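One structure is given here, and the rest of the page talks about it.
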Amino acid sequence: MTGGFIVLVAFIVIAIASPWITPTDPLRGDLRLRLAQPSVELPFGADHQGRDMVSRVIAGSRVALLVGFVAVGVGLIAGGILGLVAGYYGGIVDTLIMRVMDIILAFPWLLLVIAVVSILGPSLTNAMLAIGITLVPQYARLLRSVVVSTRQHDFVQAATALGASHGRILWFHVAPHTLGQTIVLSTVSLGKAILAEAGLSFLGLGVQPPTPSWGMMIAVGQDYLRTHPHLSIVPGVAVMLVVVALNLFGDGLSDALNPTRRK
Amino acid sequence: MLSYFLRRVIDVIPVLFVITVLAFLVFYLDPADPVLMIAGENASQRVEDAIRDRLGLDRPAWVQYGTFVTNAIQGDFGTSYRSRQPVADHIWPAFRATLVFTAVAMVLMVIIGIPAGILSATRPYSWLDSIVMSSVLLGLSAPIFWVGIVFIYVFAFKLGWLPTGGFYSWQAVILPALTLALQYGAIVARITRASMLDVMDHDYIRTARSKGVSARSVFYLHALKNASLPIVTTIGLQVASMLGGTILIEKVFAWPGVGRLLVNGILERDAPIVQAGVLLIATAVLILNLLTDWLYGVLDPRVRWS
């Protein structure tokens, strides 16, 4: 968990600071350096447009972080509201919301994202939105289950007896109980969203060139795989490092919040 | 008993409705004008009118939706904008190609995932367990298309054992299927381990032990049987979500399947192809989920009565 946390903090710092710490401009290439092999000056070599891969990979972290956070935000807000409402009111509202969530959950996320992207058109914004939609059901399910178990408690009835409104009870009395598990789910979801963005950009349906994205770098690198394998391998390792870190951190958090599960 | 299976089928109907609406919207909301795409720039007004009339584009959306569903049931998915050929002529061969390597991947997933999970569960918290579980973590965290590319580099370019892609020989199936199987097998391994460890805590296991049943037969006869329910469910769900994973794998290995057709369809703005691809993959997933539910009901009678 500690290792995961360190990698995670490093990733976030690098992503935020990326415009100032890239050794060269990640968008501007030097054609004399086209497909340069790794060397002391260019540790990861240069791509087919002569752009320094170290700078490209650093700049790619920014897109990964941005898509990840926005998608998780979409999932959290939409799924959270739906889950709270379904769990709190119950009845037909609950059935209806959760049935729709089940339907979304039954599909491979990529197919859903592709359907949304093909309707809205490929772009960074649509990618974030589409990936966010695939995360909605998990949040709705989690929050609903916590609300259903919290609703029975005396303090909720006490608040109702004191005349608190539904909105107030949901927000101030019920929602705080969902915090721990929501953070764990968000950690894991962030990893999923980053993988999803890489996949979508790999297919050419996500971030559009010249914006540097890890998935797109892997796709371009495949064309030069025989002679320049590092062009694909390096950005892939970056994705994997971040996602492993998120998964480790999420597992650790969930154990810390739930001591009975620890063995 | 019968009512359980029927109920599952009824549950599927709203999902099927959502799928068809989504697929319909792919075509309906497409900014390209179908008449222009099919007839070309220089067609006469008469030809354009004929096409508009045949496609029913001047009718209300819900009528068009009805026509779309009726045609799709009869295997008519319209005409591709690019090739001007019926979409069905593209989609069925592609679907077969996708099924071939998904089937191989499914077998590999089971062969890899279950033994790995059992191995882990026999010696929990040992070095063997840590190795398996670390591999599972890596399998789940690595982008699947990137793993495929690394495999191509190692097995095709460096070792020269297998082809880099395409579907020209049976050897070509191995790498894409293996890539897919490893990622989804990781989930199967994780669930197998967890449900085995969970079952081992139960009273009847302790009873069997105290009766003097050997550790081996407690493990394989008593525990594995009861742990198999969540494992079977997981495998069913993984096969369904594998169909999503094929979209990425097919691009990596230039596999002539539905996934590649779908992605190229989006990039070439060929809405009828995209529509058919979404509909076909989603329906296949739905059928697999239904089969999993049924199998679950067969294996566990309690499920049928709840």
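For A:Ser123, list long-range residues whose amide hydrogen, built 1.01 Å from N in the peptide plane, is under 5 Å from its own amide hydrogen. Under 5 Å from the amide H of A:Ser123 lies no amide H from a residue far enough along the sequence or on another chain.
Using the average count of surrounding beta-carbon atoms within 10 Å as a protection proxy, the listed peptides A:51-62, B:231-242 rank, highest first, as A:51-62, B:231-242.
Taking Cα atoms only, the orientation of helix A:109-120 departs from the longest principal axis of chain A by about 80 degrees. If you run the Gaussian network model on chain B, springs between alpha carbon atoms under 10 Å, then out of B:Asp203, B:Asp293, B:Asp270 the most flexible one is B:Asp203.
Note on the protein assembly as shown: Cα Rg divided by 2.2 N^0.38 Å, N the number of residues, gives 1.04.
Calculated over the stretch B:153-306, the projected area of the Cα convex hull averaged across directions stands at 13.2 nm².
If a/c stays under 1.5 just call it rounded; otherwise compare a/b with b/c (prolate if a/b is bigger, oblate if not). Do that for chain B, with a ≥ b ≥ c from the square roots of the Cα gyration tensor eigenvalues.
oblate
Computed from phi, the 3J(HN,Hα) profile of the stretch B:25-35 under the Karplus parametrisation 6.51, -1.76, 1.60 (θ = phi - 60°) reads 4, 3, 7, 5, 8, 5, x, 6, 8, x, 4 Hz, with x in place of Gly and Pro. Mean partner shielding of peptide A:227-239, defined as the number of other chain Cβ atoms within 10 Å of each residue Cβ, is 3. When you restrict to C-alpha pairs under 8 Å that are six or more residues apart and normalise by the size of chain B, the relative contact order lands at 26 percent.
If we count other beta carbons within 10 Å of each Cβ, what is the order of A:Tyr139, B:Tyr28, A:Tyr88, fewest first?
Numbers: A:Tyr139 27, B:Tyr28 17, A:Tyr88 22.
In increasing order of surrounding Cβ atoms, one gets B:Tyr28, A:Tyr88, A:Tyr139.
Amide H to amide H distances under 5 Å link B:Thr79 with B:Val87, where only residues 5 or more positions off or on other chains count and H is placed in the peptide plane. Computed per residue of the protein assembly as shown from DSSP H runs no shorter than four, each worth -39500 (n - 2.57), the mean residue ellipticity at 222 nm is -24500 deg cm²/dmol.
Here the 3J(HN,Hα) profile of the stretch B:250-256, calculated from phi with Karplus coefficients 6.51, -1.76 and 1.60 at θ = phi - 60°, is 5, 5, 4, 9, 6, 7, x Hz, Gly and Pro shown as x. Relative contact order of the stretch B:150-236, taken over Cα pairs closer than 8 Å and 6 or more residues apart, is 25 percent.
Our note on the geometry: Cα centres of the stretch A:97-134 and the stretch B:242-306, 14 Å apart.
Here, each number is a calculation from the coordinates, and none is a lab measurement. Because the structure is predicted, anything quoted here is derived from the model rather than measured. Neighbour counts run over all protein chains shown; Cβ positions are idealised from the backbone, glycine included.
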